[in-house]
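Asker: After the structure tokens below, expect a handful of questions from me.
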Amino acid sequence: MVIDSDWSFPQRAREAGQATFPGLLICAIVVAAAWLRYVLPLNVDVSWWLLVGERMLDGQRLYVDILETNPPMAGSVYLLAVALARAIHLRPELATNILIFVLTAASLTLVWLVLRTSALRHRLADGRLAGWTTALLLIAPMYDFGQREHLALITILPAIAVYILRARRERVAPAAMLIAGLSAGLTMSFKPYFAFSVGFCILAAAAQARDWRVLFALENWIAAALVLINAACIYLFFPEYFTVIYPLVRDVYLLLKAPVPTILVTLPMGLWLAAAVIILILQRTQHERDAASFTTLAASLGFLVSFVAQQKGWGYHAYPMVALALLAAGLAVSAIDASRDARRWPRVATALAGAVLFVQTCFWFNGSVDVQQIEAQVARLGPRPSMLVLSAAAVIGHPMVRTLDGTWISRQEAFWVREIVRRSQQDGTIDSQTAQRLAPYVERERAGIIADFRRQPPDVVLIDNQNSDWGDWARSDPEIRALLAPYVLVQTVDGVEILKRG
């Protein structure tokens, strides 16, 4: 008996190591992700939405006192983070990061609860797949951590888990249907474009299961009901979204777009295609199609359509499609049956390819504009400055104003209305007659600048002459020129004039 115990000790140690490996790996990834939140700058839009949350809690009205083009759901997480920060006396930035980490853990826990009784449970227990998923959610976003697309990916994962069960023709518990419906409904409430991902996921599940009834599953009705309830709440509590914001978005904001051919040759498209090729190659070595990887890839394809449909080409718009494609590739790797295929090269090759794609993904989503020189000059002018930035580039003022504990006096994140109309007329997108029709929007933005300026004259004014002609515009306008009369030019950094009230 003693000899048997000695002989079994290495086996028990190996099993104990395998049991603790997933937890240690995930802990290491979470620590690395937390360190990145410390060293990387706060995302420009996250900074703005925290400011919006603070103003709303102070009594200002969204779409009336605050100009924002996104639906209310887009700011819900940030509003919750600001409320949490005030309750426990934390900085909102830290509260936001904590909340997103908690939401990520909750989402992955729901995925586990949905799939733990399925035939996929042994793959989910693999520490490598768990670590890969955690890294894609917490590290890959880099500078875009906390963006709405990042939040949408976190919320949609439980729905994808249920659609994987549908694709495999496995039983779905009523609780899982409710989870999936809420998950899909919340995701689509962030942006209407995200309906492509949910829709493609449903279609892929129905096609793989060869069962049209999947199209009418209970979770789909729950998701649709939640979207309708959300729309009704916007109409009741935020009617200005339809009367003020929607016309502005329709007539002006949608003019801001990049050519589709240009979007199709960006790095995210290459990353997505590379991940799709990996999945297809691995599937050729398997005896049956892996429903998990193909359903996840379908959800990723929906986000790809969303990326192209928005026609901006902005980095963070591509995050869900890239992260889900890489997750689908990870699922395809986990589907390899080592007992049937003893070859090591598919796993080694895909591991190396995945590492390369992950590094490229991190580099892409770490793109930000460095305004440290401007921030340093503003900091020398005095503590906690109130600021106004005449620019369409939001990255100049955010997150600088939060970093300096300053006050943002404008109702907008940046002054993009005049800039979009000007550039659209310049490049021939619109003619002079259309520009004249859009003039009331431009005038309303100008009136807002003047009203905010008079209500609370800023300590510091930044004028962007690098990206546009804001200096000439301000000096040619009699009212704005008069408001700027008490200010003196301190310095010009990278084409941005820094003015201080004299």
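Asker: What are the pairs with Cβ atoms under 6 angstrom where one residue, in the stretch 396-421, is within 16 Å of Ile498 (Cβ to Cβ) and the other, located anywhere, is of a type in the set (Lys, Arg)? Sequence gap at least six, or different chains.
Answerer: Taking only residues 6 or more apart or on different chains, the pairs are Gly406/Arg384.
Asker: Let me ask something additional. So, in the stretch 247-299, how many residues would count as being farther than 20 Å from Gln311 by Cβ, surrounded by 17 or more Cβ atoms within 10 Å (Cβ to Cβ) and of a type in the set (A, V, I, L, M)?
Answerer: 11
Asker: If I filter the stretch 403-427 down to residues being touching an Asp or Glu at 6+ places or on another chain (Cβ under 7 Å) and among the charged types (D, E, K, R), which single residue comes out as surrounded by the fewest Cβ atoms within 10 Å (Cβ to Cβ)?
Answerer: Filtering the stretch 403-427 for residues that are touching an Asp or Glu at 6+ places or on another chain (Cβ under 7 Å) and among the charged types (D, E, K, R), the one surrounded by the fewest Cβ atoms within 10 Å (Cβ to Cβ) comes out as Arg411.
Asker: Identify, please: which residue in the stretch 219-232 is in contact (Cβ under 8 Å) with a residue 24 or more places away in the chain and exposed (fewer than 14 other Cβ atoms within 10 Å of the Cβ) and is, among those, nearest to Thr434 (Cα to Cα)?
Answerer: For the stretch 219-232, the residue satisfying everything is Ala225.
Asker: Which residue, of Leu381, Leu388, is outside the structural domain of Val260 (by TED's automatic domain parsing), in contact with a strand residue (DSSP E or B) (Cβ under 9 Å, 6 or more places away or on another chain) and in a strand (DSSP E or B)? Working first, answer last.
Answerer: Working: Leu381 fails: in a strand (DSSP E or B).
The conditions single out Leu388.
Asker: Please give the helices (runs of 4 or more DSSP H) falling wholly within the stretch 76-142 in which 1 or more residues are under 28 Å from Ala291 (Cα atoms), in contact with a Lys or Arg (Cβ under 9 Å, 6 or more places away or on another chain) and in the same structural domain as Ile29 (by TED's automatic domain parsing). Walk me through it before giving the result.
Answerer: Details: elements: 76-88, 92-115, 121-124, 127-138.
Where helices (runs of 4 or more DSSP H) fall fully within the stretch 76-142 and carry at least 1 residues being under 28 Å from Ala291 (Cα atoms), in contact with a Lys or Arg (Cβ under 9 Å, 6 or more places away or on another chain) and in the same structural domain as Ile29 (by TED's automatic domain parsing), they are 92-115, 121-124, 127-138.
Asker: Looking at the structure I just gave you, is Ala19 at pLDDT below 60, assigned by TED's automatic domain parsing to the domain that holds Leu129 and surrounded by 11 or more Cβ atoms within 10 Å (Cβ to Cβ)? Talk me through it step by step, then tell me what you get.
Answerer: Details: at pLDDT below 60: yes; assigned by TED's automatic domain parsing to the domain that holds Leu129: yes; surrounded by 11 or more Cβ atoms within 10 Å (Cβ to Cβ): yes.
In short, yes.
Asker: Another question, then. Out of (1) within 21 Å of the chain's Cα centre (by Cα); (2) buried (at least 17 other Cβ atoms within 10 Å of the Cβ), what's the single condition that is false for Ile430?
Answerer: Tallying (1) within 21 Å of the chain's Cα centre (by Cα); (2) buried (at least 17 other Cβ atoms within 10 Å of the Cβ), Ile430 fails exactly one: (1).
Asker: How many residues does the stretch 89-127 hold that are more than 30 Å from Arg55 (Cα to Cα), buried (at least 16 other Cβ atoms within 10 Å of the Cβ) and either in contact (Cβ under 8 Å) with a residue 24 or more places away in the chain or within 16 Å of the chain's Cα centre (by Cα) (or both)? I'd like the intermediate steps shown before the answer.
Answerer: Kept after step one, since they are more than 30 Å from Arg55 (Cα to Cα), are these residues of the stretch 89-127: 108-127.
If we keep only those that are buried (at least 16 other Cβ atoms within 10 Å of the Cβ) as well, we get 108, 110-111, 114-115, 118, 120, 123-124, 126-127.
In the following step, the residues that additionally are either in contact (Cβ under 8 Å) with a residue 24 or more places away in the chain or within 16 Å of the chain's Cα centre (by Cα) (or both) were identified as 108, 110-111, 114-115, 118, 120, 123, 126-127.
Residues in the stretch 89-127 being more than 30 Å from Arg55 (Cα to Cα), buried (at least 16 other Cβ atoms within 10 Å of the Cβ) and either in contact (Cβ under 8 Å) with a residue 24 or more places away in the chain or within 16 Å of the chain's Cα centre (by Cα) (or both): 10 in total.
Asker: For Leu218, are the conditions met, namely being more than 30 Å from Gly313 (Cβ to Cβ) and either touching a strand residue (DSSP E or B) at 6+ places or on another chain (Cβ under 6 Å) or at pLDDT 95 or above (or both)? Lay out the reasoning, then the answer.
Answerer: On the way: more than 30 Å from Gly313 (Cβ to Cβ): yes; either touching a strand residue (DSSP E or B) at 6+ places or on another chain (Cβ under 6 Å) or at pLDDT 95 or above (or both): yes.
For Leu218, the condition - more than 30 Å from Gly313 (Cβ to Cβ) and either touching a strand residue (DSSP E or B) at 6+ places or on another chain (Cβ under 6 Å) or at pLDDT 95 or above (or both) - is met.
Asker: Of everything in the stretch 275-302, what is farther than 18 Å from Thr350 by Cβ and modelled with pLDDT of 95 or more? Give them in sequence order.
Answerer: Scanning the stretch 275-302 gives Thr295, Ala298, Ala299, Leu301, Gly302.
Asker: Sort out for me the strands (runs of 3 or more DSSP E) sitting completely within the stretch 449-502 that have 2 or more residues that are charged (D, E, K, R).
Answerer: Numbers: elements: 460-464, 487-493, 496-501.
Per the criteria, 496-501.
Asker: Which of the residues belonging to the stretch 381-404 are charged (D, E, K, R) and more than 25 Å from the chain's Cα centre (by Cα)? Before the answer, list the steps.
Answerer: At the first step, the residues of the stretch 381-404 found to be charged (D, E, K, R) are 384, 402.
Result: Arg384, single match.
Asker: A further question follows. I need the full set of residues from the stretch 329-357 which are modelled with pLDDT under 80 and assigned to a loop (DSSP other than H, G, I, E, B), in order please. Give the steps one after another, and end with the answer.
Answerer: Step one: of the stretch 329-357, the residues modelled with pLDDT under 80 are 336-348.
Residues satisfying the conditions are Ile336, Asp337, Ala338, Ser339, Arg340, Asp341, Ala342, Arg343, Arg344.
Asker: Here is a follow-up. Kindly indicate whether any position in the stretch 464-476 is modelled with pLDDT under 95, of a type in the set (Gly, Ala, Ser), assigned by TED's automatic domain parsing to the domain that holds Ala394 and within 30 Å of the chain's Cα centre (by Cα).
Answerer: Yes, the stretch 464-476 contains at least one residue that is modelled with pLDDT under 95, of a type in the set (Gly, Ala, Ser), assigned by TED's automatic domain parsing to the domain that holds Ala394 and within 30 Å of the chain's Cα centre (by Cα).
Asker: Exactly one of these conditions fails for Phe194: (1) closer than 24 Å to Ile66 by Cα; (2) buried (at least 19 other Cβ atoms within 10 Å of the Cβ). Give me its number.
Answerer: With (1) closer than 24 Å to Ile66 by Cα; (2) buried (at least 19 other Cβ atoms within 10 Å of the Cβ) applied to Phe194, the lone miss is (1).
Asker: If you scan the stretch 36-74, which residues turn out to be of a type in the set (A, V, I, L, M), crowded, with 19+ Cβ neighbours inside 10 Å and part of a loop (DSSP other than H, G, I, E, B)?
Answerer: If the condition is that a residue be of a type in the set (A, V, I, L, M), crowded, with 19+ Cβ neighbours inside 10 Å and part of a loop (DSSP other than H, G, I, E, B), then Leu42, Leu67 are the ones that fit.
The values are calculated or read from the model by the stated rules, or taken from the named source; none is laboratory data. Nothing here was measured: the structure is a model prediction, and the numbers come from that model. No Cβ is skipped: glycine too gets one built from the backbone with ideal geometry, and neighbour counts run over all protein chains shown.
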